[in-house]
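Let me begin by presenting the structure, written as structure tokens, before commenting on it.
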């Protein structure tokens, strides 16, 4: 009789362990399926993001190639406080400027109240002045942060916050950059 009890206990223990193992196996498979689904979704999203970056890169390269062929037909005059700077549409060798011109390449000139002259660059703004197909327009594009732009005659709060804006010939525009510098820009017909 002692053997029967031992056999019954052993069979009960074996069946409990079998049931526990089966439940553990089912839960492990369920967990693996969830992890596999999450992994597949992460791979799909990463692949889509990579494709999007490649599309944006190809588009940016095509835009830069097209932009490099466009010709500036207007001169730019920029003021910042009491300083001014500019960019001529015609280069020193008589050719027209092409492509785009970063704001931080335009040298600003000013005079201190003491009478001493100074020069500087408005740096780290990632703002480009781009030639356009229409000769009476110039595109202002920010690569990093939006800027506020308004025409002369409008109040400080009446501007639009944009990444790109088109300025037209002989109209004075005020631009507030990301660094809160306010500059004025006027494009006038070059040679």
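Every number here is computed from the coordinates shown, using simple stated rules; none is lab data. In this text the structure is predicted, and so the values were computed from the model without any measurement. Note: ideal-geometry Cβ built from the backbone for every residue, glycine included; neighbour counts use all protein chains shown.
Determine how many Å³ per residue the convex hull of the Cα atoms of segment 109-163 encloses. Numbers along the way, then the final one.
Values: hull volume 8.7 nm³, N = 55.
In segment 109-163, the Cα convex hull volume per residue is 158 Å³.
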State, as an integer percentage, the relative contact order of the chain based on alpha-carbon contacts under 8 Å between residues 6 or more apart. 17
Once label points are set 7 Å from the Cα along Cα→Cβ at both residue 28 and residue 116, what is their separation, rounded to one decimal in nm? 7.9
Angle check, please: helix 2-69 long axis (alpha carbons) against the longest principal axis of the chain (alpha carbons), in degrees 0 to 90, nearest 10. 10
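Go through 10-19, 81-90 and give me the packing order, highest mean Cβ count within 10 Å leading.
Working: 10-19: 10.0, 81-90: 15.8.
So the peptides 10-19, 81-90, ranked by packing, come out 81-90, 10-19.
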Would you mind putting 167-177, 55-65, 143-153 in packing order, based on average other-beta-carbon counts within 10 Å, highest first? 167-177, 143-153, 55-65
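Rounded to a whole number, what is D in µm²/s for segment 1-69 from Stokes-Einstein with the Kirkwood radius over alpha-carbon pairs (25 °C, 0.890 mPa s)?
Working: Rh = 17.4 Å.
The estimated diffusion coefficient comes to 141 µm²/s.
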Å³ per residue of the Cα convex hull, for the chain? 236
Report the label-to-label distance for residue 60 and residue 39 in nanometres (one decimal), using points 7 Å from each Cα along the Cα→Cβ vector. 3.2
